[in-house]
Amino acid sequence: MSNWAVELFGERVVTKEGVKDTAAVVSGKKLIGIYFSAHWCPPCRGFTPVLAEFYDQLKEEDGHEDSLEIIFVSSDHDQSAFDEYYGSMPWTSVPFGSDKASVLGQKFGVRGIPTFVVLDADGNTVDREGRSTVASTKGNTSVALNKWIH
């Protein structure tokens, strides 16, 4: 599973516990969410708490703690803006300034932010409109999981 993730995100990602190997972070996860966002973007700042609540709720539900890992891809202009914004997020991130950010944006056809793309354990896209999916669940995580896991 992890070879595609290393190719997409790079060898290492930033976690709340420090920098870790990408393969270890995604290992055992059923889904990987890619969150394209930036501190300077008002709709992003509006959606980030919604996504964080969804993510935290999934982690707390029995049997779902390994369902989803989210990897943040920043469009922030500088390290301090990234640090402040990432500080409000409970998930992992591509390192700020990584060339992977533009490569990922192109690969997934990101035309605006926030964008939330969901991949399965093999790296296949299962939802290009993850933002809409999460927003429509209204706290019922099983709605999204039923859409994403076949």
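The values are calculated or read from the model by the stated rules, or taken from the named source; none is laboratory data. In this text, all values refer to a predicted model and were calculated from it rather than measured experimentally. Backbone-built Cβ (ideal geometry, glycine too); neighbour counts: all protein chains shown. Heads up: the accessible areas ignore ligands, DNA and RNA and are worked out on the full protein's heavy atoms, side chains in. Shrake-Rupley method; radii C 1.70, N 1.55, O 1.52, S 1.80 Å.
Between residue 111 and residue 60, what is the label-to-label distance in nm when each label sits 7 Å out along the Cα-to-Cβ direction?
3.7 nm
Which of rounded, prolate or oblate describes segment 68-122 when judged by the alpha-carbon gyration tensor and an a/c cut-off of 1.5?
oblate
In segment 1-58, what percent of the accessible surface is made up of carbon and sulfur (1.4 Å probe, ligands and nucleic acids excluded)?
Roughly 54 percent, rounded to a whole number.
Relative contact order of the chain: what whole-number percent is it, with Cα pairs under 8 angstrom and at least 6 residues apart?
Dividing the mean separation by the residue count of the chain yields 29 percent.
Given segment 4-44 reduced to its alpha-carbon atoms as identical point scatterers, what log10 I(q)/I(0) does the Debye formula return at q = 0.32 Å⁻¹?
The calculated log intensity ratios at q = 0.32 Å⁻¹ are -1.13.
Per the 1.4 Å probe, what fraction of the accessible area of segment 81-150, in percent, lies on carbon and sulfur atoms?
47 percent
For q = 0.15, 0.36 Å⁻¹, what log10 I(q)/I(0) does segment 61-100 give under the Debye formula with an equal point scatterer on each alpha carbon and no solvent?
-0.42, -1.31
Keeping all protein chains in place, calculate the accessible area per residue for the chain (probe 1.4 angstrom), answer in Å².
Dividing the accessible area of the chain by its residue count gives 49 Å².
Mind pulling up the Rg/Rh value for segment 27-72? Radius of gyration and Kirkwood radius, both on Cα.
That ratio is 1.03, to two decimals.
How big is the chain by Rg and Dmax over its Cα atoms, in Å?
14.0, 40
By a straight-distance test (C-alpha under 29 Å), which lysines pair with residue 20 as possible cross-link partners, with residues fewer than eight away in the same chain excluded?
Excluding near neighbours in sequence, the set is 29, 30, 59, 100, 107.
Checking the a/c ratio against 1.5 first, then a/b against b/c, what shape does the Cα gyration tensor give for segment 1-79?
oblate
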